[in-house]
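Have a look at the structure below before the remarks.
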């Protein structure tokens, strides 16, 4: 409490100058020279001066490579936790493929991972063709393995596994393709997330034999990891959290409460140094934190200091703020400090501040079963999600799961190419648009599922049909995006009835002629051509006294 009070006291006046000088970064004078009102300080009050940059508001669509060593088994998300949960699917798979987790732990999965077919230039180029306006790569996950050249974390991809600087490769490819580059940082939670690795089987031939979560450097003699301390990875030299044997408890303790084992200052400081190094070395313009608000808040101010550093560095480099930080479960004040991100879900209204949904065509980490059973999201589902989100002042960040070897499979590629085909015709209704006075109309609005916790209302509402329409605007143009093709080839937009303002012109993107239309008391009726100009969603470009 004393430390927080000191920081709060330093947030104004002479204290702000003192704090900036104490940090040794010289940013205070630089920011004043750059014309900023004041530097960002590591307080919520100071971060609240943040304004979402226009480039991000215009971009609307980004693609994410949520890829790391947990993709190597190709058995789905949170593998490095699930493999230590006796009786779980991932535990059974692990025992069959690799051996018992007391003998072959996640550290050994890392050693198996080579990323031998990774071609970041080809993948990022493909994503740009699909319409992505920014690209994000996983920098570390809850597994605590850094995917970049980190001097603070020896367990990183330049020393082990692929022995490549993966973030460096992704950053170079993004730059070559002219895309803003982002990183996602999840490692703050390794402390409690890895607690399953402290367990042992309760039954069977290995009953009572501990998994490898508490082994130390001295245990590495004559092993491939000789000279490395597994506790730098697992971070399990601490008592278990309350009810740690309840596999669902991690979700209730995500905000570092409800009996969680509180990380040490050394753990928090190391996370801070790793993340600052990531920012300074690879210059990301976006950072996704998989945390409630900012990482390690409220037990540490590390996340606040990281946020202030990124914003100040962005201003110093560009002369204005270009950086974006995402937070997941934000109160009203925190939403002013960063961009609110909704995981696998959408808001049910036009949000007053720009926001983002992040979702995936499969699992967050690659799962071969989804490929085998044709369970990927279709391009249609992705396009409908994007249109719905953009109509409500949001962006879509889409993960295309990457295989352990660094490639994507042909079914994923087909989805990306179908998105590209749609965007080639219709992207003007997406990029640089803003919401209209209402986001849409149609029956799906009446059955929209509420958001739960950080999101997860995706796919719980009524499926979209041809009578579901979403609106975007650009200048004096209104785009009405139909989420289906009417069987009678008559589009009816009820919000544009005769008393809504005069419609002067209507065109259909991708169609060579202007369709016939009339405004009635029922709505704007448009006679569509016999054949749709594209698939999945169809854009009517409307001009007149309606915007």
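Given the structure, is residue 403 surrounded by fewer than 16 Cβ atoms within 10 Å (Cβ to Cβ) and at pLDDT 95 or above? Steps first, please.
Working: surrounded by fewer than 16 Cβ atoms within 10 Å (Cβ to Cβ): no; at pLDDT 95 or above: yes.
For residue 403, the condition - surrounded by fewer than 16 Cβ atoms within 10 Å (Cβ to Cβ) and at pLDDT 95 or above - is not met.
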Selection within segment 88-113 - at negative phi, surrounded by fewer than 23 Cβ atoms within 10 Å (Cβ to Cβ) and assigned to a loop (DSSP other than H, G, I, E, B): 88, 98, 100, 102, 103, 104, 113
The one condition in (1) under 20 Å from the mean Cα position of the chain (by Cα); (2) free of Cβ contacts under 8 Å to residues at least 40 places away in the same chain; (3) buried (at least 21 other Cβ atoms within 10 Å of the Cβ) that residue 169 fails to fulfil: (2)
Selection status of residue 228, surrounded by fewer than 18 Cβ atoms within 10 Å (Cβ to Cβ), closer than 23 Å to residue 99 by Cα, in contact (Cβ under 8 Å) with a residue 60 or more places away in the chain and in contact with a helix residue (DSSP H, G or I) (Cβ under 9 Å, 6 or more places away or on another chain): yes
Out of 466, 449, sole residue that is at pLDDT below 95 and either part of a strand (DSSP E or B) or touching a strand residue (DSSP E or B) at 6+ places or on another chain (Cβ under 8 Å) (or both): 466
Filter result (in contact with a strand residue (DSSP E or B) (Cβ under 7 Å, 6 or more places away or on another chain) and either under 19 Å from residue 289 (Cα atoms) or part of a loop (DSSP other than H, G, I, E, B) (or both)) within segment 167-187: 167, 170, 171, 179, 180, 181, 182, 183, 184, 185, 186, 187
Residue check, residue 69 buried (at least 16 other Cβ atoms within 10 Å of the Cβ), in contact with a helix residue (DSSP H, G or I) (Cβ under 7 Å, 6 or more places away or on another chain) and farther than 29 Å from residue 357 by Cα: no
Contacts under 7 angstrom Cβ, first residue in segment 191-211 being crowded, with 21+ Cβ neighbours inside 10 Å, partner assigned to a strand (DSSP E or B), 6 or more apart: 211/200
Residue in segment 300-319 that is crowded, with 18+ Cβ neighbours inside 10 Å, on the phi > 0 side of the Ramachandran plot and over 18 Å from the mean Cα position of the chain (by Cα) present: no
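Within segment 304-312, does at least one residue satisfy the condition of being free of Cβ contacts under 8 Å to residues at least 12 places away in the same chain, assigned by TED's automatic domain parsing to the domain that holds residue 419 and either part of a loop (DSSP other than H, G, I, E, B) or farther than 19 Å from residue 133 by Cα (or both)?
Here is the first cut: in segment 304-312, the ones free of Cβ contacts under 8 Å to residues at least 12 places away in the same chain are none.
No: zero hits.
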Filter result (under 22 Å from residue 474 (Cβ atoms), part of a helix (DSSP H, G or I) and under 22 Å from the mean Cα position of the chain (by Cα)) within segment 413-437: 419, 420, 423, 427
Single match in 335, 344 (criterion: under 30 Å from residue 304 (Cβ atoms), in contact with a strand residue (DSSP E or B) (Cβ under 9 Å, 6 or more places away or on another chain) and modelled with pLDDT under 95): 344
Residues of segment 342-369 that turn out to be touching a residue at least 60 places away in the same chain (Cβ under 8 Å) and in a loop (DSSP other than H, G, I, E, B), as a count: 13
Members of segment 502-547 found to be at positive phi and either crowded, with 18+ Cβ neighbours inside 10 Å or free of Cβ contacts under 8 Å to residues at least 60 places away in the same chain (or both), listed by number: 523, 536, 544
Condition broken by residue 485, with the remaining ones in (1) in contact with a strand residue (DSSP E or B) (Cβ under 8 Å, 6 or more places away or on another chain); (2) within 18 Å of residue 430 (Cβ to Cβ); (3) surrounded by 14 or more Cβ atoms within 10 Å (Cβ to Cβ) satisfied: (2)
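Do you know which of the residues in segment 114-125 that are touching a helix residue (DSSP H, G or I) at 6+ places or on another chain (Cβ under 8 Å) and surrounded by fewer than 16 Cβ atoms within 10 Å (Cβ to Cβ) is nearest to residue 403 (Cα to Cα)? Working first, answer last.
Kept after step one, since they are touching a helix residue (DSSP H, G or I) at 6+ places or on another chain (Cβ under 8 Å), are these residues of segment 114-125: 115, 118, 120-121, 123-125.
Checking which are surrounded by fewer than 16 Cβ atoms within 10 Å (Cβ to Cβ) leaves us with 121, 125.
Values: 121: 16, 125: 18 Å.
Checking each candidate, the answer is 121.
The values are calculated or read from the model by the stated rules, or taken from the named source; none is laboratory data. In this text the structure is predicted, and so the values were computed from the model without any measurement. Note that we place each Cβ from the backbone using ideal geometry, even for glycine, and neighbour counts take in every protein chain shown.
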